[in-house]
Amino acid sequence: MKMLDFLNEKAVSADLKAATKEEVIRELVDLLVTAQVIKDKERLVKILLEREALGSTGVGQGVAIPHGKCEGIRELVAAFGLSRAGVNFDSLDGEPASIFFLLVAPEDSAGPHLKALARISRFLKDKYFRDTLRAAKDEKTIIKIIKQEDAKK
């Protein structure tokens, strides 16, 4: 499974404006709405915030992977956002998050959802990859970086 199998290239932002966890989630969901992948924004935001209430998806090292399953989604889809300022995401290490992958799966999907989470996690363990993403100036550069990494692994 390649990252670009589920990352919607129209749902990438190199400059998130959000200052809170909820704002980040709303901004990433907005990207999926704009890309015409998601129709019911408020329902998805509610699902993602409920998932966050169970435990933060801020995994540390400046990375957060908010995720959830939503009725009406036909296939696994992701959005990507970069925050220049960093956002308190209640991360495991207490550090602000600046790299966000939002992952949404169909309600009855288990295997692909877990594989995608594992793939994203594996990519983001690489400090060079994280630093390269943070240095990206625009969406095209982010997509290019992810394509290059997809080709390697």
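The values are calculated or read from the model by the stated rules, or taken from the named source; none is laboratory data. This one's a predicted model, so the numbers in the text were calculated from it and none came from an experiment. Virtual Cβ from ideal backbone geometry, glycine too; neighbours counted across all protein chains shown.
Given (1) in a loop (DSSP other than H, G, I, E, B); (2) modelled with pLDDT under 95; (3) within 15 Å of the chain's Cα centre (by Cα), where does residue 120 come up short, assuming only one miss?
Residue 120 satisfies all of (1) in a loop (DSSP other than H, G, I, E, B); (2) modelled with pLDDT under 95; (3) within 15 Å of the chain's Cα centre (by Cα) except (1).
Working only within segment 25-45, note down all residues that are crowded, with 21+ Cβ neighbours inside 10 Å and farther than 20 Å from residue 145 by Cβ.
Selection gives 25, 29, 32, 38, 44.
Of everything in segment 46-68, what is crowded, with 16+ Cβ neighbours inside 10 Å and assigned to a strand (DSSP E or B)? Give them in sequence order.
Hits for segment 46-68 are 58, 59, 63, 64, 67, 68.
Does residue 110 meet the test of being free of Cβ contacts under 8 Å to residues at least 24 places away in the same chain and under 13 Å from residue 1 (Cβ atoms)?
It is false that residue 110 is free of Cβ contacts under 8 Å to residues at least 24 places away in the same chain and under 13 Å from residue 1 (Cβ atoms).
Out of all the residues in segment 69-87, is one or more surrounded by fewer than 21 Cβ atoms within 10 Å (Cβ to Cβ), at pLDDT 95 or above, in contact with a Leu (Cβ under 7 Å, 6 or more places away or on another chain) and not in a helix (DSSP H, G or I)?
Yes - at least one qualifying residue is present in segment 69-87.
Pull up segment 56-95, narrow it to residues that are basic (Lys, Arg) and touching a helix residue (DSSP H, G or I) at 6+ places or on another chain (Cβ under 9 Å), then point me to the one that is farthest from residue 45 (Cα to Cα).
84
Specify the residue that is surrounded by the fewest Cβ atoms within 10 Å (Cβ to Cβ); the eligible residues are those in segment 126-153 that are in a loop (DSSP other than H, G, I, E, B) and touching a residue at least 40 places away in the same chain (Cβ under 8 Å).
Step by step, filter segment 126-153, then rank; the result is 137.
Is it the case that residue 110 is modelled with pLDDT of 90 or more and either of a type outside the set (Ser, Thr, Tyr) or surrounded by 13 or more Cβ atoms within 10 Å (Cβ to Cβ) (or both)?
Judged against the criteria, residue 110 is not a match.
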